[in-house]
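Here is the structure we will look at.
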Amino acid sequence: MEKIFVYGSLRQDFWNHDKVLKNRVRHIQNGTIKGKLYHLPAGYPAVIRGTDEVHGEVMTINQDKLLRSLDFLEGYFGEGEDNLYIRTKHKTILDDGTEEWCWVYTYANEEEAKNKGKYISSGDWKKFVK
């Protein structure tokens, strides 16, 4: 089983969750990671390195095929490739205070996120778009 931390359109009640994850997730918990969150002009969020709290959901999945589908959706083609997002493990703090290491898709071009994106100081893209 794998755990992924999602902070954008893969969260519950959003289009990509319904398209890719609905009925394929074993468990969902709220959590946070450290980073900086931006809303990009294309209409989706980007997390880059930082010390802010970024809010999202930890989803437990049990299919490698599903992780490959997420890689495709997020534009991750492997290490050293021309990626839109990079999939790496991050320490994630769950609402009950426990820590989990989860896969997270972080934006590959930090300068683009900073220069073209709108900074979300709350760290919560779901609240930002609603």
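The values are calculated or read from the model by the stated rules, or taken from the named source; none is laboratory data. Every value quoted in this text rests on a predicted model; they were computed, and no experiment measured them. Please note: Cβ atoms are built from the backbone with ideal geometry, for glycine as well, and neighbour counts cover all protein chains shown. In case anyone asks, the SASA skips ligands and DNA or RNA and just uses the protein heavy atoms, side chains included. Shrake-Rupley method; radii C 1.70, N 1.55, O 1.52, S 1.80 Å.
General observations
- Protection proxy ranking for 31-39, 82-90, using the average of other Cβ atoms within 10 Å per residue and placing the highest first: 31-39, 82-90.
- DSSP-loop GluC sites (Glu not before Pro) across region 16-92, with at most 13 other Cβ within 10 angstrom: E79, E81
- Ligands, DNA and RNA left out, the 1.4 Å accessible surface of the chain is 46% carbon and sulfur atoms.
- Rounded if a/c under 1.5, otherwise prolate or oblate - the chain, Cα gyration tensor axes: rounded
- The mean accessible area for residues of region 31-105, using a 1.4 Å probe and ignoring ligands and nucleic acids, is 53 Å² per residue.
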